[in-house]
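First the structure, in the form of structure tokens, and then the observations on it.
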Amino acid sequence: MAMPKEMREKAILDTKTQAAALLDDLSHFREVLQRATPTRGELRSLTATLRRLLIERALTIVAAPRIGRFQFDVPDNRQTNEKGLVFYFMGGYQPQNIPHSAGPSSNQKGSKMIKVRLDGFLSQRVLRFAGCWITRKQVLEFVAYSASGIHNPASEPPSEVNQALGFLYKNSRLADQALEFVVVPLTGGAAQLDRSEQNRTANQVDAILLELLSNIMFIVESEDTKRLEAIIRSEFGL
């Protein structure tokens, strides 16, 4: 149901500051996506922006009076075959070249795209490791709290999810434009450390931070983002 005109106009005025911030956020996101090697520290800092836009719903609050219900364009992974799947990475951000040396794996290159609202975006399963499915929201909360050394019991994911995320955060990395493991997953979800971990640098991006980059990419490239951004720019005479 459409918002009444007076209510819509008031909501637009009330969200002017948030709308201006959204333009800045999208510009920053595009800068990060265009860089050859975003750093781990920079990506961790972006979780504050992602939490504000997604979990605190600033994106949909700004969108509501301007375009109505906001929808994200994401790969459709609802029919993913779990049989024999050791590692699954939805990805989206390039590079997506996930080697199979760590066991049967999957990513979403070439998948058809579907539209989902905010709750569907946050609840979409984007990673699987050691028999554990992990949602987009759980990735965001892990990086915002656990990976930053902040304990927040109210937002902490279930322990098995947290353990899987922590393992991937420490033991996967982007090297030579491909995601590789410095661990070898074994039968039953256990894993054995590969001593190449000692060669990892502080700025190397891992599977968890690559998923953050993919979140940013899906936000920037969604059709509703482009529509909303054009409307906001027009409001400000840009």
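The values are calculated or read from the model by the stated rules, or taken from the named source; none is laboratory data. Everything quoted here is computed from the prediction, not taken from an experiment. Virtual Cβ from ideal backbone geometry, glycine too; neighbours counted across all protein chains shown.
Tabulated results
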| quantity | calculated |
| --- | --- |
| Every residue from region 6-54 that is touching a residue at least 60 places away in the same chain (Cβ under 8 Å), of a type in the set (K, R) and under 15 Å from L213 (Cβ atoms) | R30, R40, R44 |
| For G149: the one exception among (1) of a type outside the set (D, E, K, R); (2) surrounded by 15 or more Cβ atoms within 10 Å (Cβ to Cβ); (3) modelled with pLDDT under 65 | (2) |
| One residue from R78, R69 being surrounded by fewer than 14 Cβ atoms within 10 Å (Cβ to Cβ) and either at positive phi or at pLDDT below 85 (or both) | R78 |
| Qualifying residue in region 225-236 (condition: surrounded by fewer than 17 Cβ atoms within 10 Å (Cβ to Cβ), at pLDDT 85 or above, touching a helix residue (DSSP H, G or I) at 6+ places or on another chain (Cβ under 8 Å) and not in a helix (DSSP H, G or I)) | yes |
| Region 185-224, subset in a loop (DSSP other than H, G, I, E, B) and under 30 Å from Q18 (Cβ atoms), residue modelled with the highest pLDDT | S222 |
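This table checks each residue for (1) at pLDDT 90 or above; (2) in contact with a helix residue (DSSP H, G or I) (Cβ under 7 Å, 6 or more places away or on another chain); (3) loosely packed, with under 12 Cβ neighbours inside 10 Å; (4) within 21 Å of S234 (Cβ to Cβ).
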site	(1), (2), (3), (4)
K5	no, no, yes, yes
A20	yes, no, no, yes
R44	no, yes, no, no
V62	yes, yes, no, yes
P65	yes, yes, no, yes
D73	yes, yes, no, no
L85	no, no, no, no
H100	no, no, yes, no
